[in-house]
Amino acid sequence: MSSVNRTRRLALTAMMIALATVLGFIKIFQLPMGGSITLVSMLPVALLSIEYGLGWGFVASFVYSLVQLGLGINAILGWGLSVPVLLGSIFFDYIGACTIIGISGIFRKKGLKGIVAGVALAMILRFVFHFISGVIFFGEWAVPITIFGHTFTGEYWYSLFYNGSYMLVETITTTVGAALIFKSSAINRLMAGDQL
């Protein structure tokens, strides 16, 4: 890769991470103990993996995870968590959950269907990280949830409903957003100067 393309890739990566961060501030719905529905905040990071491949995608996603951790650390420090729970939450809810977005480009060579499948997979795996965190580290806070007259109890149900309540919407909107972007020519013009 030429130095011009490397510089362009770094600049585009910084821009996409910044855009993802800004979109993360646009919260449509915010849960009390973390988790929110945002304006497709994961999409810019997913686009980097789709455009440049898994290696670059995971590096960019990891950097994004550190940005998110830096922005969210004061909130989780204020929850009075024990050290093991705090470290578990940092890994599962920030580092792991954001870095896994780098897998979005896994099927990128299979066209639009591959892009949609890769983004959907990344978002589902992000949910898995949050679900595990909810069960292991926040299970003691589980409260019964009643839906259509049926009450669900226990940390598994609590984590499923709590994390699923925002991750389902995030998964759908991010996947649809990726499909719409890659059906347009605008993204191709933006990234055309640096193909693998």
* With only Lys, Arg, Asp and Glu charged, each at its Cβ (+1 for the first two, -1 for the last two), find how big the charge dipole of the chain is about the Cα centre; round to the nearest 20 debye. => 860
* Structure fact -> Note: Ser2 to Ile147 extended length (0.36 nm per residue) minus current alpha-carbon separation gives 46.5 nm
* Which value at 222 nm does the chain reach when only helices count, each DSSP H run of 4 or more adding -39,500 (n - 2.57), with the total divided by all residues and rounded to the nearest 500 deg cm²/dmol? -> -21500 deg cm²/dmol
* Asked: Which length gain, in nm to one decimal place, applies between Leu10 and Ile26 when the Cα-Cα distance is subtracted from 0.36 nm times their residue separation?
  -> 3.3 nm
* Using only Cα atoms, tell me the angle between helix 54-77 and the longest principal axis of the chain; keep it within 0 to 90° and round to the nearest 10. => 40
* Structure fact -> Expressed in nanometres to one decimal, the distance between label points 7 Å along Cα→Cβ at Leu39 and Ala18 is 1.7
* Structure fact -> Under a Gaussian network model of the chain whose springs join Cα atoms within less than 10 Å, the largest fluctuation of Glu140, Glu51, Glu170 belongs to Glu140
* Degrees, to the nearest 10: 111-136 long Cα axis against longest axis of the chain -> 30
* To do: Give me the angle, in degrees from 0 to 90, between the Cα long axis of helix 3-25 and the longest principal axis of the Cα atoms of the chain, rounded to the nearest 10.
  => 30
* Asked: Can you give the extra length, in nm with one decimal, that the chain gains between Ile172 and Leu81 once fully stretched, where that is 0.36 nm per residue apart less the Cα-Cα distance?
  -> 29.6 nm
* Structure fact -> Labelled set [x] -0.43, -0.58, -1.27; [y] -0.35, -0.51, -1.30; [z] -0.30, -0.46, -1.57; log10 I(q)/I(0) by the Debye sum over Cα atoms at q = 0.09, 0.11, 0.19 Å⁻¹ computed from this model equals the value at [y]
* To do: Round to a whole angstrom and tell me the spacing of the C-alpha centers of the stretch 63-123 and the stretch 136-179.
  => 17
* **Point-to-point label distance, Trp157-Val128, nm (Cα→Cβ direction, 7 Å offset)** => 2.5
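Every number here is computed from the coordinates shown, using simple stated rules; none is lab data. Quick caveat: nothing in here was measured; it's all calculated off a predicted structure. With ideal geometry, Cβ positions are generated from the backbone for all residues, glycine too; neighbour counts draw on all protein chains shown.
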